[in-house]
Amino acid sequence: MNTGMIVKSRSAEKFTAIDNEIIRNVELTLEERGLLIYLLSMRHDWVVYKKNLHERLGCSKGQLDRVFKGLQTKNYILSVKVINELGRFTGWNHV
């Protein structure tokens with residue numbers, strides 16, 4: 001089963017501490033930085049379904065895919081295949 005889970009540390013609900021490296025990293029585009037900060041601001045047990053995330057953020061699926069891929073390429077998001085007990089691919093978990 002595809003959990004779509006974002007795995008992150010626990011944080012207080014009303015604020016998010018963002019590492020200055022994320023904020024000041026000139027290699028991140030403004031879009032990548034915004035998406036990363038948005039994802040980090042969610043509850044630790046929040047489940048993201050990328051297919052619906054673009055609607056929530058008010059952008060196109062193509063734009064979200066491009067920005068998400070940029071964060072994967074820069075090692076801010078690690079996507080891990082989910083394989084069921086029958087050895088079949090069922091989706092992705094994003095760490």
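The values are calculated or read from the model by the stated rules, or taken from the named source; none is laboratory data. Note that the structure is a prediction, hence the values are computed from the model and not measured. For neighbour counting, all protein chains shown are included, and Cβ atoms are generated from backbone atoms with ideal geometry for every residue, glycine included. These accessible areas exclude ligands, DNA and RNA; they are computed on the full protein's heavy atoms, side chains included. Shrake-Rupley method; radii C 1.70, N 1.55, O 1.52, S 1.80 Å.
The figures follow:
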read-out	value
In Å², nearest 10: area of Leu78 left accessible to a 1.4 Å probe	110
Accessible surface ranking that places the most exposed of Ile37, Ile77 first, with a 1.4 angstrom probe	Ile37, Ile77
Cα long-axis angle, helix 30-41 against the chain (0 to 90 degrees, to the nearest 10)	70
Among Gly91, Gln63, Phe15 the positive-end extreme of the charge dipole of the chain (Cβ point charges)	Gly91
Heavy-atom surface of segment 24-71, accessible at 1.4 Å and reported per residue (Å²)	62
Relative contact order (percent, whole number), the chain, Cα cutoff 8 Å, 6+ residue spacing	42
Diffusion constant of the chain at 37 °C, which comes from Stokes-Einstein with the Kirkwood Cα-pair radius and 0.692 mPa s, µm²/s	230
Cα-projected label distance for Arg66 with Arg88, points at 7 Å along beta-carbon direction, nm	3.5
Segments 16-22, 63-69, 83-89, 47-53 sorted - mean Cβ within 10 Å per residue, highest first	63-69, 47-53, 16-22, 83-89
Nearby aspartates and glutamates by direct alpha-carbon distance to Lys74 (threshold 17 angstrom, same-chain neighbours under 8 apart not counted)	Asp19, Glu21, Glu27, Glu31, Glu32, Asp65
Ellipticity estimate at 222 nm from DSSP helix runs (n ≥ 4, -39,500 (n - 2.57)) divided over the chain, nearest 500	-11500 deg cm²/dmol
Total charge dipole magnitude, segment 25-70, about the Cα centre, Cβ charges on Lys, Arg, Asp, Glu only, Debye to nearest 20	160
